[in-house]
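Here is the structure we will look at, set down as structure tokens.
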Amino acid sequence: MANVVAESLVSKKGVNSPIWKLFGFIGDENGQPVDKDAPTCKLCMKSVAARGGNTSNLRTHLINNHPLHASRLPATGSRPRLPLTKTVMQTSIIGTFTRNSKYNKESNRWKACTSAVTRFLVAEMLSFRSVEKAAFRDLVGTFDPQYELPSKNFFSKKAIPELYNQVRRDVVSLLSQAEYYALTTDVWSSVGMAPYMSLTVHFITPDWKLQSKCLETCFFPADHTASNICAWLREAIREWGLEDSRISGITTDNAPNIMTAAKDLGWPWINCFGHNLNLAVDAAIQAQKRRTDRVFGLCRSITGAFSHSWQRKRALNAAQAELGVPQHSLIADCVTGWGSKQEMVARIIEQQRAIQQVLGEDRKASVTLRWQDIDLLTAVNEALKPVAELTNVLSGETCVTGSSVIPMLNLIREDIMAPSDDDVALTAEMKATIVYKLDGKYTDEPMRLLLRKCTFLDPRYGGTFEASEELKRMIKGEMAALQKEGQGAIRVKEDRRERQTTIRVKEEDWREPGREDTSVEQPPAKKLRTLGSLLGKRATAAAAAQSVEEQAKAEIFAYLKEPVIEGDADPLQWWQLNEQRYPLLSPLARKYLCTCATSTAPERLFSAAGKIVLSSREQLKPDKVNMLVFLARNVA
């Protein structure tokens, strides 16, 4: 009823003020205003005095009774002043002051805001120009009007380098606590085909936490020869203060230049398990090229038929709902990843009924899915599916992986890829090829010895995989060598401490004559000898008499008697709890359990770098690329 009455009001003619859209006059039978000095509010149907068409009272009425509509009216110099309470007046004064004043650039608040923006740019890998975009400045100004956002040059030339230096110091400090470290490295090219080389380090902290840190992502325009890569790696570890003797291993792909460089440096080398698995699967596919080409070609044709037609997509969705098939989209394979091929085949098999229904009813479709094709797809999928998730299992950076390579190879050979009576000829042949090629990647004796040590020192496996007398003899010798090395370091520290004491004594000899020496402490009172103290000395002497080799042998014997822990348990947590029981063996666990099974760490750097070195940012200097990738991976 209110709307009907409001619509019957007569509008004021010849006015431009938007406020009159909310007011009108009660009209007579001829549609003329009855009283031009008393318009009626269309919102609440109340009459408001407005002599001579003055809108002050009308605006006041809207502010008091309809603030939402009042806020939508344009500001005017004739707006009536509202009675302000003391609180409102004080707030207005403070608001005016804060809007006109900005934080001092030396204040803690300004520095905190700038640091937050810097970390946001780094974490989200945004362009420096983001801070000069109007929407970003409006956003920051809305949250804190007193904060004045610096220019992009400030972040590029000052804020980012300062944050880089700060985080770099933190990484150096953390590395100084590590006894041993493993490395991973790889080469990649930016969108503008600029070559870069990345290096990551992995180590176990004194509290048995596995750490992974990006060290360098450097522009590498020289030829990627083994000698050039060798020189770059040597310079990189020197720059970060890493010692060759403390490097437990380096993991790379199978590129001959990187492999040769690592061996020339004398570092224990491991090839990437993921890369090896990829090569083995590719070899199995190529061995059955005539049949597999048809499978993958058919899948790509079907995927393309649906991806290029929204009508077919719509029909596929309808068929999925009708047949009760999962509402999943088809997957296209990626040239650089064999895993996507298996995913593409598996999705076609899952959606086969819906696909057949749509293509069977489409006269324009140039591809069909027959039962012979389904059999072939199933055979290929049965060969590839078991190994599809293995790469992800050994690609973690915060969990121990190097020790699982040998157990994983055994699992693939004896279980996952073992022949089955249900396998068709194609599946059996592909499985056999994968096992053969994968085993062939781990025939290098130094690499296999390193992996055997890693497996031996992992309490998830213990001696169940690697417990030969030869291996135990080598580990015992290494334990003794590390113990003697540690004792030598302790003797050096003690000699240094004695020299410092001697220097202090000589300095005290130069006291002024006649000055009483108050620094000399009185000798402590003699303690009574007890049975415990006497026996304790005998036990200490007996322990000292026991050779390091005998202690090492005893620890290995006790360790092999330990029950293995669950496969999902954390081996580092086990060592943290048992470190005191195995003082000679635990340093070896720290040395070898940081070794990586795959080189996915630098590949993850490439993913971050790809989001930083975009086509719109090709002009980024190499030093800025290094800083941004370093911060993107190391800033928490």
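Just a few scattered comments:
- Of all residues in the stretch 194-208, those being assigned to a strand (DSSP E or B) and at pLDDT below 90 number 4.
- Residue that is at pLDDT below 85 and within 30 Å of Met259 (Cβ to Cβ), where the choices are Leu572, Leu593, Leu605: Leu605
- Qualifying residue in the stretch 224-239 (condition: surrounded by 14 or more Cβ atoms within 10 Å (Cβ to Cβ), in contact with a Pro (Cβ under 8 Å, 6 or more places away or on another chain) and over 24 Å from Leu457 (Cα atoms)): yes
- Selection count, the stretch 449-477, where residues are closer than 15 Å to Ser248 by Cβ and surrounded by fewer than 17 Cβ atoms within 10 Å (Cβ to Cβ): 2
- The stretch 197-234 - residue that is in contact with a Phe, Trp or Tyr (Cβ under 6 Å, 6 or more places away or on another chain) and β-branched (Val, Ile, Thr) and, of those, farthest from Asn626 (Cα to Cα): Val201
- Selection from the stretch 179-191 of residues that are within 22 Å of the chain's Cα centre (by Cα) and surrounded by 20 or more Cβ atoms within 10 Å (Cβ to Cβ): Tyr181, Ala182, Leu183, Thr184, Thr185, Asp186, Ser190
- Filter result for Leu631 (in contact with a Cys (Cβ under 8 Å, 6 or more places away or on another chain), modelled with pLDDT of 60 or more and part of a helix (DSSP H, G or I)): no
- Here the stretch 162-193 is the region considered, the condition is being among the polar types (S, T, N, Q) and part of a helix (DSSP H, G or I), and the residue that is nearest to Ile258 (Cα to Cα) is Ser176.
- Within the span defined as the stretch 133-149, every residue fails to be touching a helix residue (DSSP H, G or I) at 6+ places or on another chain (Cβ under 9 Å), under 29 Å from Gln211 (Cα atoms), of a type outside the set (A, V, I, L, M, F, W, C) and not assigned by TED's automatic domain parsing to the domain that holds Phe630.
- You will find that of Thr455, Thr433, Thr443, the residue that is of a type in the set (S, T, N, Q), over 30 Å from Gln573 (Cα atoms) and in a helix (DSSP H, G or I) is Thr433 and no other.
- Members of the stretch 367-393 that are surrounded by fewer than 21 Cβ atoms within 10 Å (Cβ to Cβ) and under 27 Å from the mean Cα position of the chain (by Cα): Lys385, Pro386, Ala388, Glu389, Leu390, Asn392, Val393
- Options Ser340, Ser329, Ser301, Ser307; residue that is in contact with a strand residue (DSSP E or B) (Cβ under 8 Å, 6 or more places away or on another chain) and surrounded by 13 or more Cβ atoms within 10 Å (Cβ to Cβ): Ser340
- Residue pairs whose Cβ atoms lie under 8 Å apart, sitting 6 or more positions apart in sequence or on different chains, and linking a residue in the stretch 480-491 that is at pLDDT below 80 to a partner that is surrounded by 12 or more Cβ atoms within 10 Å (Cβ to Cβ) and not charged (D, E, K, R), are Lys484/Val548; Gly486/Pro587.
- Of the criteria (1) at pLDDT below 90; (2) in a loop (DSSP other than H, G, I, E, B), which one Leu149 fails: (1)
The values are calculated or read from the model by the stated rules, or taken from the named source; none is laboratory data. Bear in mind the structure is a predicted one, so any value in this text is a computation, not a measurement. No Cβ is skipped: glycine too gets one built from the backbone with ideal geometry, and neighbour counts run over all protein chains shown.
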